[in-house]
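Inspection log for the structure reproduced underneath, given as structure tokens.
Any read-out appearing in this document is the output of simple, stated calculations on the displayed coordinates, not a laboratory observation. Small disclaimer: the values here were computed from a predicted structure and weren't measured. Virtual Cβ from ideal backbone geometry, glycine too; neighbours counted across all protein chains shown.
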Amino acid sequence: MNKQMNRRDFLLAASAGALGTLAVGCTIGATEPTVVVPATNTPAETVAMAGPTTPPTKVAQASPPPAQAVEPRLDRVLKNGVLRVGVDLTFPPLQFRDPSTNEPKGLMPEIDALMAQDLGVKLEYVEMPFGELIAGLLADKFDWIGIAFTTTPERAKQVLFIDEPTFFEDSVLLLRKGFTVDKLEDLNKPEVTFSNMSGSAQDASARLMFPNATFKPLNWPETVLEVAAGRSDACLIAIWNAAAYLHENPGTVDIWPGGSLFSDVNTFFVPLGDYRTKEWMGTWFRYYAAHGWQQNRFKYWIGELPGVRAIQEAWGK
């Protein structure tokens, strides 16, 4: 695996606990103590002058915190003895079915199987198209997501992402043949046309990085075919898509040699409000990342991706 990829792999940050301080206040009294002797009898006229007894003012008290809005999925899994994960097994090498055995294979199935093993439960897959997985979780069709998603603010409105990354997804800049770029700033011009994948994180990021360029978002694989045909100058796409295209169409486009322009965080998520399950999953990922298991398995599976070697060579790795 290239050094740049190693630097991006699973940047771990140790969190430090905060020490609370206890402030103790004290009051200094007079040097001569005053002794108050309570009266044994209350004169009737004193009571009359005081008027009717006023009931004490009620002090508003803070309401207790609301109970968790959803049942912790972790508790349900442990109670049922089964972990049902929602997956789309059509993204090799991350998650796919082995053609020879039809069994789930890849980095994500390895993670799911190890989670189930650590929980002491049986693992079941609930397959559906990628675009329906969030809706499937909210509709309670499975216990939690079984593959990593790119974390975005829009998705975070619907689900609760865990704080630990599963992996970082590099982005590759592909250029039409003969289109030379000395520095990235050369792309920030109206005469430069990008044909990125419509709605992708790469398209959104390219618009931020090159606001003066012209954008022509397309679907896959037209986004790269436009560059290969010379109708667009560049496209910024995820390493998975770039590698797949380069494997099937070698030499049709050039690869920007400067490395990945940015990396997206990909990780698991749970329903909004399920902080107990979120904490367990975060602990799980921290533990295995600290022991190097995640990084080693990610390097293995990305090495199995056809076409990735051409990208690594172009980046000088």
FRET efficiency for GLU304 and LEU261, Cβ-Cβ distance as r, R0 = 35 Å, nearest 0.05? 0.90
Neighbourhood net charge (12 Å Cβ-Cβ; Lys/Arg +1, Asp/Glu -1) for ARG97: -3
Just want to confirm a number: the relative contact order over region 77-222, from Cα pairs under 8 angstrom separated by 6+ residues, in percent. 20 percent
Size of region 169-255 along its principal axes in angstrom, Cα-based, largest extent first? 32, 27, 20
For the THR150, ASN212 Cβ pair and Förster radius 22 Å, calculated FRET efficiency rounded to 0.05 is 0.25
Separation between the LYS157 and PHE96 pseudo-spin-labels, each 7 Å from Cα along Cα→Cβ, expressed in nm? 3.4 nm
Can you list the lysines whose alpha carbon sits under 26 Å from that of LYS79, skipping same-chain ones fewer than 8 residues off? LYS122, LYS141, LYS278
Across the alpha-carbon set of region 104-224, Rg over Rh with Rh taken as the Kirkwood radius works out to 1.08
Between region 234-258 and region 300-317, how many Å separate their Cα centres? 11 Å
Protection proxy ranking of 175-188, 295-308, 216-229, 236-249 - average other beta-carbon atoms within 10 Å, highest first: 236-249, 216-229, 295-308, 175-188
